[in-house]
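Every number in this text was worked out from the coordinates using simple rules, so none of it is lab data. Predicted model only: the values in this text are computed from it and were never measured. Glycine gets a Cβ as well: all are built from the backbone with ideal geometry, and neighbour counts include every protein chain shown.
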Amino acid sequence: MNAFRYGLISALQAIVVFVAIACCASTVRADEAPSFSERVDLEPLGTIAVYGEGRLKSLGSHANSMMQFVTGPRKIAGQDSLFTYIDLMLRPEAYVDADLVYVKNRSVREAIARELERLAAADPTLAPDMAERMNAFRATGLTSPRFLHNAALEPLFSKLEADVIRTARPVSEIRSALAVAEPGFLLGKLMIVPPASKSTDDQWHSVGELMLVPGATTPPAALTRLVPSNGGMDPTAGIPGIDSALQGQIADAWRAFVNAWLAQDADGVRTASASLATLLPKVAEGSDLYPEQSRLAWESWYFHMDQLTSIWLVYMLSVVFLLLGLIYRWTWARRLGVGVFVVAFGLQTFALLLRWYISDRWPNSNMFEAVTTAAWFGGCAAMAIELFVRRTPMKSLFFLGSAAASMVALMTAHFLPVYLNPNISNMMPVLHDVWLYIHTNVIIFSYVLIFMAAVSAFCYLAWRMVGGTAAYARVGGAGMLVLEPGSKRARAGEAPSIGEVLDGVTMVLMELSFVLLWAGIVMGAIWADHSWGRPWGWDPKEVFALNTFVVFALLVHVRLKVVDKGLWTAILALGGAAVMLFNWIVINFVITGLHSYA
Amino acid sequence: MPARAPRGPLAALLDLFSSVWFGVILLAILFVYMTIGSAGVIYPIHPNILHKDAWVHAQMRQWRPFEMTEFEWFHWWPFDLLIGLIAVNMIVTTFRRIPFKVVNYGVWMIHSGIIMMIVGCVIYFGTKVEGDALVQRRMVFAEFLEKQPDGTMKVADRVAFAATPGARAVVGSNGTRYDLEVASIDPNWEMRSEEAKGLTAYSVNVDVRRSGNDVSTNTNFMRQLLAGHPEHTEDVIRSNDPAQPMQRAKKALGTPLVDESIRMSLDYAPQPWFYLRPELEKCWALYIRKPGESTWTERPIEGLPLYNDYVGSRDQVFTASGRELAPSPLDIAIAPVEGDPFPDLTFRASGFLRYAIDRAQYRAGAPTGPLNPVIQLALSSGADAPPISMQLEALDPRANKGQGDLIGFYYVDSEAAFAKRAAAPSIRVRVPALGVDVREDLANLPLGDPNAPFIAVQKPAADGSATGDQTGYAYRIIAVQDDILLSTGTASVAIVEVKTPQGTFRRWVFDDARLTRDATDELMKDPHAAQAVSDASIEIEYQPGLGSTPIAVIAGPDPQRLRLATLMGKGAPTVRDLTIGEAVTFPAGFSIGVANYLPRAVRDVRPFVVPMEQRDRDAGVQLAQMRLDVPGGDPVWLPFHQYVFDSALEVPRRHTFRPKLLTLADGRQVEVIFGRQRLKLPSDIALEEFVLDAHIGGFTGEQSTIRDYTSLVRFRDASSDAWSEPVRVSVNKPVEHGGLSYFQAQWDPPDQPRDANDRGSLGLNYTVLGVGNRHGVWTMLIGTCIACIGMGYAFYVKPLIKRRRRDEVMASLAGAAKEGA
């Protein structure tokens, strides 16, 4: 038991040190003079709507999704994505040799690094510090567009493109990144001018189309390089149908913005941004085409705050206190853990509701949303179950399971945005169905319960490893709540061991997830029947959902027969969670199938 | 202790099947079976199992001994047996070990629900058919009306062809011919006439070219057909107005139709078939017919594989280096079926390739064989750069240039032809009346600039030099285009704007002087006019020389001789002899060498087996090929057809029609197509309209802007031969008809022209509907619901019942104790 406690304390100490370092990191540069990126206030831009891929989104959200094509999950020099977007568009020369383009695939990264090192060995003028830069590239995945544009890399790219299974896609992503990083492309995608028709069926216009429209100011020479070709049309003609005076005002504000940006004038940028934010909605005045500015502001803030995924830190704190409460039976730690959990859950609820408000749909249509919403369901389940078990030895353990699940889910979303893309995009046509909300939510609810059961199962196994006896809950699952209070042992005032309590928690969660998983699979079959024409297609995702159920069916029956019920329950609960995670991770990202969007 | 009575085998079997452990083992096997069938297996291929590359992932069911789809793997007899054992185990255990009491209702419901679900599955999967049907939106029906001696018009010829951009057809008779081509389709054409203003219609524009013995009636116009609005059919003709180059015939000529002899209309393209899905279950078929017949006879092919390549010998295919296929022949009989046009003929499938494309390679021909120079060049951009290999064919104008026309390979049959080819591109201007004859290298002239100054043609002095005296003639080069592909070969042209004392005109000067013509309105009308030049006082010749290829390898007149001609900048090209293996380096570090040269190459076309890593996962079986042994004939590789059309006129975009005509030993001919099996739909289906719903901002060409796809389809009532009212089939909203469900599956997206002879498309010209039956679904659903209720009962109701009973017992005990006290 002591070894268990010492191990746990060491882990908790490491976590506290990590949190302290994370908190201090932001203060390291406090004594340096603020750069333009730190001085400039992009908040006024937050209420500008941008059209992209069939959605109207905030400028911040738009920049986030566009920059993801270029920089992947990385931030360039710690800059906000919106700053990088604008700066790259208006001052591309500053990024020519900057490590800007993210290469995700490690083998492609390595092949490029080797080739560039070989080229630099033959021609040192390419980059005198190539070895150093390539080491950084290998570590971060970021490299310079200048290197990637080098014609000498073309044979390598052609060779990699020939392997369509392994390396063609990463090369295609590199080419896309280089294309997106072009200033003209970025300007073209800055579709912030509503259509003159004010109709939802018509496309918005790029602000570039107003670049040379006559106004109170004349366009700076630096802008001419960004003027779109406009199909041979007169670039000063503007957009037909929009009041020419208003176009002139918008053009003036945009030119002022560009000039201020080029001059690194933070105040000028703020003023011009505010003008743009005021003028652009006037184009759609009289219609409800332009989104509410409050919604846009919230959206910008939401993405600026990394989708509030940092809440994982609060959950981690809750896990620490709840574990202390479990191991040492410290009431204060348990209560504190519950309090912190409630705060974390409140924050997560806020993040979920905010995303719902911003995207105008319940968040469960991509991996980011499925994972974070599942974690939130875990919190809901924990709150509800804890109401029933508040007077039993199981109290707070459901909070522990949920806190661990939410912590892992939000950490994954925070640190692996490449896999859990947080951007809000339109749903595929097949997802526009009420069963998306029924089937998906029931399934992900069952999945989070499986994970929570795995947490208690893990704790049970840890307890057994440090000398715990082969204990198990005499009446498993919900029966424990119903039957235990009046049992002989309860009447005798005998307290159950930790092992019995943990096994009981596992069984409560397992039973609930068993029913929900089966119901979710059935609901998926009903949806598949009217969507794909068959209720069951032996798609890998379907098969592994069924496999997860089979593992729990095994658990139920094995528990009937074995002597060491607690041990086998814990092992199979962990096995079920492993199959569930395999289904969510490997099947989704490696083995594609009909559910590849899920 | 009494001796235990001996137990019979039936009792032992019952014990086994009522054992929970037996059920657990069966469930564990089921888990393993499903995991292997769905996710595949991972196994080491190297002793160092800690290295990540030591492990390989494979789908076991796709291995040669199995060749199974997921559907087949999960309906293989071991799986059926496993499910059967589990069902029997559940039934026996339930009856023998679980008393039918209130507390056990949950388990009974779970087990009986699952049994019911299994029964539903047996019905469902035992009767399952699933496929898809491609339904085109419209066909173009064209009729040629010939004037009869009595003055009436009679249909002399008719043709129907797909309304898809680029579709071509010919109609006509007695020396009159109409070449028809669908030039464009607008799925949402805004109608302009007063009475139809605000409405949109499916518009098909057909390019009509009439040619015939009487050249005066030759004409070219565009006919616009509107689906559902035949009364608005009208022609559009070219006009001289630069502001409106195309004009409605009604406006220009006062009549909506230019030519009443050609009648066209749009009508539905009924689809009577749906094709089974090979992803579900192998469903290969060979379709055969006699030449000239319009319908196919389907012969199912049983036992043909799906995932792996099978060849009888290595020389049947081309493979990538180091990827040679081990011979593994097939021998599958494709026997005649009822009503077969060749009841005496059994074909055999002897090979199968999952993913192959036809590729031509050349080998050396006989020394007296026909001339066909083919060269293999090795290019390198630097010492460290990997060489690029390139194959050029001198006699094929589509394959005699490489690297974006930087390098050309030509054959000349005389030294004079060589001198002409290995020259700088030049233009020769002659004004015979004034004795002017000048030649100018194009390198010295501004090209392609319509505003370039005219070059004055000056009078020559006695020694031939220009005097500076103006002649009133001048010219400038507007554009140059070399090696244009014509039906008769290739031609090069310089478009020259000519100024004469009489005026200015453009002349298209071809390297073949017979093609040269002036671009005046009069002369452009008739491409076959005897007089092509409006002003014969000035003669212009264009000699393309090396043309657009600054580097040319020229073979001939001795077929073994190769020469390299290079033209860098101005002046005459540099010429040098070239030998095989020799590399010539250019000043920029670029080098070119001849790796191989075959003067009398023989073309050898075989399927090239694409290496696994280069295969597009989404291609499915689209590039599969089957080798067919023909009795008395040569074996042939047959490409897979997604759909089997009756003729090339019906083929929509992105689909192919490549039947092969085989000649048997007895001289009979048979036309064959390799495809998938098909079934008759309960009633023909037609596509009225295809609607794309978009998100805000409309459809931009990006998939993410699409919200829904909807096909408005009609079903034909066989008894009355009438079409039903349009029915909407959209994503998640299938339609049931005649015992089958119809689902929205694929669509026709807009796309760009695929080559110079193709036309772009705005899409929406066809839909693909999933078609399938679904027997037993309700049995499955009820079973699963019963099981679900049972789970809730067992986990949450049973404890409450037990507690109530315990409380009752406790209360009665307490009561008894009280009474006792």
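Some points to look at:
- Inter-part distance where region B:642-668 and region B:272-300 are each reduced to a Cα centre, Å: 11
- Estimated vicinal HN-Hα couplings, Hz - region B:412-425 in sequence order (Karplus 6.51, -1.76, 1.60; Gly, Pro = x): 10, 9, 7, 5, 5, 5, 5, 4, 5, 6, 8, 10, 6, x
- Value at 222 nm in deg cm²/dmol, rounded to 500, when DSSP H runs of n ≥ 4 in chain A each add -39,500 (n - 2.57): -19500 deg cm²/dmol
- Sequence-distant residues sharing a close amide H with B:T176 (under 5 Å, placed H): none
- The distance separating the Cα centre of region B:155-186 from that of region B:342-365 comes to 33 Å.
- Degrees, to the nearest 10: B:77-97 long Cα axis against longest axis of chain B: 20
- Distance from region B:697-766 to region A:287-342 (C-alpha centre basis), Å: 46
- Mean Cα-pair separation over length for chain B, i.e. relative contact order, pairs under 8 Å, 6 or more apart, %: 16
- Were the residues from A:V466 through A:M428 laid out at 0.36 nm apart, the gain over their Cα-Cα distance would be 8.7 nm.
- Taking the C-alpha atoms only, the angle from helix B:20-39 to the longest principal axis of chain B is near 0 degrees.
- Summed residue charge, Cβ within 11 Å of B:R354's Cβ, Lys/Arg positive, Asp/Glu negative: -1
- Mean Cα-pair separation over length for region B:587-658, i.e. relative contact order, pairs under 8 Å, 6 or more apart, %: 18
- Tilt relative to chain B, helix B:798-820 - C-alpha long axis, 0 to 90 degrees, to 10: 20
- Reference-scaled alpha-carbon Rg (2.2 N^0.38 Å with N residues) for chain B: 1.33
- Cα gyration tensor category, rounded, prolate or oblate, for region A:427-598 with a/c compared to 1.5: prolate
- Projected label distance in nm at A:R146 and B:L13, using a 7 Å step from Cα toward the beta-carbon: 8.2
- Per-residue extension of 0.36 nm, minus the Cα-Cα distance of B:L486 and B:T127, leaves a gain of 123.7 nm for this segment.
- Relative contact order of region B:683-821, defined on C-alpha pairs under 8 angstrom at six or more residues apart (%): 15
- Percent of Cα-Cα distances greater than 45 Å, calculated over the protein assembly as shown: 58
- The slack between B:L81 and B:N213, meaning 0.36 nm per residue of separation minus the straight C-alpha distance, is 40.0 nm.
- Rounded to the nearest whole Hz, the Karplus-based 3J(HN,Hα) values (6.51 cos²θ - 1.76 cosθ + 1.60, θ = phi - 60°) of region B:102-118 follow the sequence 3, 5, 9, 4, x, 5, 4, 5, 4, 5, 5, x, 5, 4, 5, 5, 5, with x at glycine and proline.
- Taking amide H atoms as placed 1.01 Å from N in the peptide plane, the amide H of A:V193 lies under 5 Å from those of A:H205, A:V207, each 5 or more residues away in sequence or on another chain.
- Residues whose amide H lies under 5 Å from that of B:W55, counting only those 5 or more places away or on a different chain, are B:I45; hydrogens are built 1.01 Å from N in the peptide plane.
- Gyration tensor verdict on region B:404-452 (Cα atoms; rounded if a/c is under 1.5, prolate if a/b is larger than b/c, oblate otherwise): oblate
- Note on B:A648 and A:S107: with the Förster distance fixed at 45 Å, the Cβ-Cβ geometry gives a FRET efficiency of about 0.50.
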